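The values are calculated or read from the model by the stated rules, or taken from the named source; none is laboratory data. Quick caveat: nothing in here was measured; it's all calculated off a predicted structure. Here the Cβ is made from the backbone with ideal geometry for all residues, glycine too, and neighbour counts use every protein chain on show. Areas reflect the complete protein model, heavy atoms only, side chains present, ligands, DNA and RNA absent. Shrake-Rupley method; radii C 1.70, N 1.55, O 1.52, S 1.80 Å.
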Amino acid sequence: MEKNNWFRTYSYIWIGQFISLLSSSAVNFSIMIWLSLTHKSAEVLAFAAIAGLLPQAIIGPFAGVYIDRWDRKKVMIFADGFIALCTLGMTFVLKSDGTNMFLIYLLMACRSIGSAFHSPAMQAIAPLLVPEDKLLRVSGINQMLQSVSSIAGPALGALAISYFTMSQVLYLDVIGAAVAITSLLFVTIPHLSRSDVKPSIAAVLDDLKQGMGAIYHNKGLKMLFLYAMVATFCIMPVAIMFPLLTIGHYSGGKWEMSIIEIIWGIGMLIGGSFLGLAKVSMSKVVLVNSMHIVLGLTFALSGWFPSTWFIPFVIMTGLGGVSMSIFSASFMTIIQEQVPAEMLGRVFSLYFSIAILPSMIGLLFTGFIADAIGVAMAFIIAGLIVVLVGLLSFFNSSIMSLGEGRKLS
């Protein structure tokens, strides 16, 4: 398939993924409202986050090996279908016994397994369809779609949960998955065939070792991963406490929580639009480091502002969305440029695992953090550490030299 037709092909993918992202955003926000207002517990939010992330982090590296061997289009279709089935299972749990948190956590964990295959496969198809000089543009458009869904999703979720039960709201996610699967049926994604389609355990471990080597032997990429891991370790425990900061520190409610989510999405839309529509000549490494600093400052200031400063909190949230959007798109593009296409499934899976696994430790102590130092102080401390990560990155020569060379062979 020639890459000069990439935009038409990707349009089908974007349409399906947007509907899926929109429905997932609405459902995820509805779940967050339901958990926050029903339990008012940082620990419940933390356990929900762990259930949604830990399985993906654990099996991610092994999933990446198979993503690189299998047809990535089929991987995305089956992963979407599995996630939809898990969501459908949650509807029955909530109808029969909405207080059984163990079953809810279990089904969220199963959804996470599906995401372990879907997310890296989605990131890994871009270099197969898109010319290298258009990768940052595609990443920017991906961020735009995610941003629009982040704006409309919370509003849709708040509206839905106001008029329907939580079990009924979950059907939105099932519909979104069906649309995403249908859109993929209309596109052709090149398949990098392998001679050993049914690998032995030794072959799987060897592939995994090669994926790790693609990171380890590229010193700049290795250090970039390390700094991202430290930042994620600090951000994750406090990020899930945004609803508690809104409700507790700023005395907000359901609609204030919606406003914060929508403003975050507007910020991400602005950041994604900047990358998707403008010709950005600035180094992607400089963008990644700078956005660490900006994001850290927005977290720190959100916790430092007095409880009456809700509007400045909203502004900082929007700025945080801008920085996260630019960071994510730039970071993903660096990986796509530095790593061969046939290894991207493994490397993206490893990245998700490397970034998420350490943060699980912080999530386990979320309840203790909220009780011991307070939610607002947690935002201040975490934000300042992320600022420090961004500053140190500028003084790391191996990170700053990324992009000067070509892909690893």
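Within the range 169-189, the set of residues being part of a loop (DSSP other than H, G, I, E, B) and surrounded by 15 or more Cβ atoms within 10 Å (Cβ to Cβ) comprises 170, 187, 189. Going through the range 235-248 one residue at a time, which ones are at pLDDT 75 or above, open to solvent by 20 Å² or more (accessible area, probe 1.4 Å) and not aliphatic (A, V, I, L, M)? Hit for the range 235-248 is 242, nothing else.
Residues in the range 388-397 that are open to solvent by 20 Å² or more (accessible area, probe 1.4 Å) and in contact (Cβ under 8 Å) with a residue 60 or more places away in the chain: 388, 391, 392, 394, 396. When the criteria are applied in full, residue 68 meets the requirement of being open to solvent by less than 10 Å² (accessible area, probe 1.4 Å) and modelled with pLDDT under 80.
Number of residues in the range 288-330 that are over 20 Å from residue 234 (Cα atoms), modelled with pLDDT under 85 and among the aliphatic types (A, V, I, L, M): the value is 1. Picking from residues in the range 105-136 that are open to solvent by less than 10 Å² (accessible area, probe 1.4 Å) and of a type in the set (Val, Ile, Thr), the one that is modelled with the lowest pLDDT is 130.
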